[in-house]
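*Asks:* Once you've had a glance at the structure underneath, I'll fire off some questions.
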Amino acid sequence: MRAGDHYSKDQEFLLPANPAFIGMSLFVALMLNWLPWEGLWLALRPDFAALVLLYWCTHKPHRIGIGMAWAIGIFADVADSSLFGQHALSYSVLAFGGILLHRRIQMFDVREQPLQVFPLLLISYAVFAAVHWLIRGTISWEFFLGTLTSALLWMPLSMLLQTMRRTRNDPNEL
Amino acid sequence: MDNTQSFRFFNRGPTPVARLIFFALLSLLLLFIDARYKHLESIRNILALPIQPLQRLATTLTTGPGILWDQFSIYVDSQGSLASENAQIRQQHAVYAAQLLQLQVLQAENEQLRKYFDLSQHADFPVQMAEIVYLERDIFKRKVYLDKGSQKNVLAGQVVMDEVGVVGQVTRVYPWLSEVTLITDKDHAVPIQVLRTGLRAVVFGSGNISNLTLRYMPISADIQIDDVLVTSGIDGTYPPGLPVARVIKIERDPAYPFAQILCAPLAGVDQQRQLMIISGLHKLPELPPAEAKEKEPKVNKTKRSRQ
């Protein structure tokens with residue numbers, strides 16, 4: 001019942017996503033990833049780019065797809081000087097998961113979504129770590145802390161993007 | 001609107017599965033090429049051109065307020081204190097200039113003496129100052145980026161140090177940046193000598209910022225706590241005699257074939273902002289090919305047969 005309400009509310013209030021807005025949100029997410037994180041903060045850093053990608057993949061699966069995720073992954077690879085294709089592969093897998101499950105995720109209330117999103121993030125992080133392990137033979141487990149913080153950030157982030165898409169549509173709403 | 005679009009879902013090009021397979025294969029191909037060969041470095045450099053200024057922007061946005069505050073407080077500083085500071089600095093400068101003259105004399109003398117002893121390998125190394133621009137954001141690696149690149153003749157393989165000891169090695173060079181792998185990076189090896197005994201060994205990074213390990217040292221090896229390790233210069237990559245680390249912990253457990261020796265890097269591997277890049281090392285003569293070794297036993301055999 002509530003899920004149905006949520007879905008209809010989605011249709012009622014949201015603007016069609018502006019390509020400039022999608023691009024801007026992805027750009028800001030990448031810039032957040034590129035802040036000088038260090039030490040424990042680096043381990044705890046949520047992957048902003050992955051989250052925003054996942055948001056658009058679940059809410060606009062026909063606009064943002066695996067190709068876009070792959071391109072952003074290549075940018076992240078160059079910026080982090082990781083191997084070419086490492087981020088790209090993990091983001092592609094994430095985007096695929098998001099597109100495959102976008103109806104299921106949207107069925108849930110925004111408070112219940114983090115639990116649905118967490119496995120997708122975990123798989124994408126695991127792909128990244130697996131590539132690293134295959135090539136360099138080492139793995140550090142604190143890397144996976146990022147999945148937890150990312151899943152926790154999912155709710156505020158998707159609410160923020162949702163409101164940013166809504167306000168222009170209905171100027172009387174707060 | 002979402003509904004109308006979703007009816008046309010499968011008409012919009014290939015299915016998600018096909019796309020995933022395509023992009024996954026593309027990524028794997030790139031991964032394979034990048035891990036095995038060096039063909040992608042030029043593409044990486046081109047892509048890095050727009051990305052690196054953005055990264056630098058992100059870094060300055062966070063450190064920016066601090067710098068602004070510094071400038072503000074400098075502005076507020078009274079003129080009197082500046083004048084007194086200036087006088088003090090001038091005095092110091094005079095003292096330093098005198099000391100520098102002495103140093104130049106000593107250097108000249110030293111060089112002459114070295115020429116006598118033909119110790120050409122201990123020549124002075126040209127040094128370039130560089131500043132850390134930003135840090136690696138990959139949790140698996142220990143790397144920093146310096147603001148001098150191939151435009152300033154930095155080459156991959158050059159050694160980076162601070163005023164106390166070795167910090168790392170340049171591993172990748174961009175036009176205006178260079179990537180430095182720290183000696184504490186996992187499995188990064190530095191050939192060293194124990195300063196006290198002259199014992200040669202190789203010290204490895206442990207992946208932990210404050211630790212290095214000496215592997216494969218026999219239990220009976222003559223190493224004590226507080227021994228200083230300096231580069232041996234044997235491989236020709238590191239100049240000889242640079243301090244690297246200090247032994248902090250030794251475990252000689254007879255159950256293991258090797259002693260477990262922990263060292264701490266001497267240089268402030270994670271504390272400095274200004275670092276020195278050492279350039280212009282002497283090229284060592286090439287290692288004689290392995291065939292030369294194989295020939296020797298043959299000679300012996302023929303000698304024996306003759307005997």
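*Asks:* Go over the candidates B:Val154, B:Val144, B:Val170, B:Val180 one by one and state the one that is buried (at least 21 other Cβ atoms within 10 Å of the Cβ), in a loop (DSSP other than H, G, I, E, B) and either of a type outside the set (Lys, Arg) or more than 12 Å from the chain's Cα centre (by Cα) (or both).
*Replies:* Testing whether each residue is buried (at least 21 other Cβ atoms within 10 Å of the Cβ), in a loop (DSSP other than H, G, I, E, B) and either of a type outside the set (Lys, Arg) or more than 12 Å from the chain's Cα centre (by Cα) (or both) leaves just B:Val154.
*Asks:* So which of B:Arg215, B:Arg196 is in a strand (DSSP E or B), basic (Lys, Arg) and in contact (Cβ under 8 Å) with a residue 24 or more places away in the chain?
*Replies:* Details: B:Arg196 fails: in a strand (DSSP E or B).
Matching residue, one of B:Arg215, B:Arg196: B:Arg215.
*Asks:* Report yes if B:Thr231 is within 15 Å of the chain's Cα centre (by Cα), modelled with pLDDT of 85 or more and among the polar types (S, T, N, Q), otherwise no. Working first, answer last.
*Replies:* Values: within 15 Å of the chain's Cα centre (by Cα): yes; modelled with pLDDT of 85 or more: yes; among the polar types (S, T, N, Q): yes.
When the stated conditions are applied, B:Thr231 passes them.
*Asks:* Could you tell me which numbered condition B:Tyr256 fails, if it satisfies all but one of (1) of a type outside the set (A, V, I, L, M); (2) farther than 23 Å from B:Arg200 by Cβ; (3) modelled with pLDDT of 75 or more?
*Replies:* (2)
*Asks:* Here's another thing I want to ask about it. If I ask for residues that are facing chain B (nearest Cβ under 8 Å) and part of a helix (DSSP H, G or I), which ones from segment A:51-68 would you list?
*Replies:* A:Ile66, A:Gly67
*Asks:* Further question: Just to confirm my filter: which helices (runs of 4 or more DSSP H) fall fully inside segment A:75-142 and include at least 1 residues that are modelled with pLDDT of 90 or more and exposed (fewer than 15 other Cβ atoms within 10 Å of the Cβ)? Step through it out loud before you land on a result.
*Replies:* Details: elements: A:86-100, A:102-107, A:113-136.
So the answer is A:102-107, A:113-136.
*Asks:* Which of the residues that make up segment B:19-49 are part of a helix (DSSP H, G or I), at pLDDT below 90 and more than 7 Å from chain A (Cβ to nearest Cβ)?
*Replies:* Those that are part of a helix (DSSP H, G or I), at pLDDT below 90 and more than 7 Å from chain A (Cβ to nearest Cβ): B:Phe32, B:Ile33, B:Arg36, B:Glu41, B:Ser42, B:Ile43, B:Asn45, B:Ile46, B:Leu49.
The values are calculated or read from the model by the stated rules, or taken from the named source; none is laboratory data. What you see is a predicted model, and the numbers here were worked out from it, not measured in a lab. Counting neighbours? That spans all protein chains shown, and the Cβs are built from the backbone with ideal geometry, glycine included.
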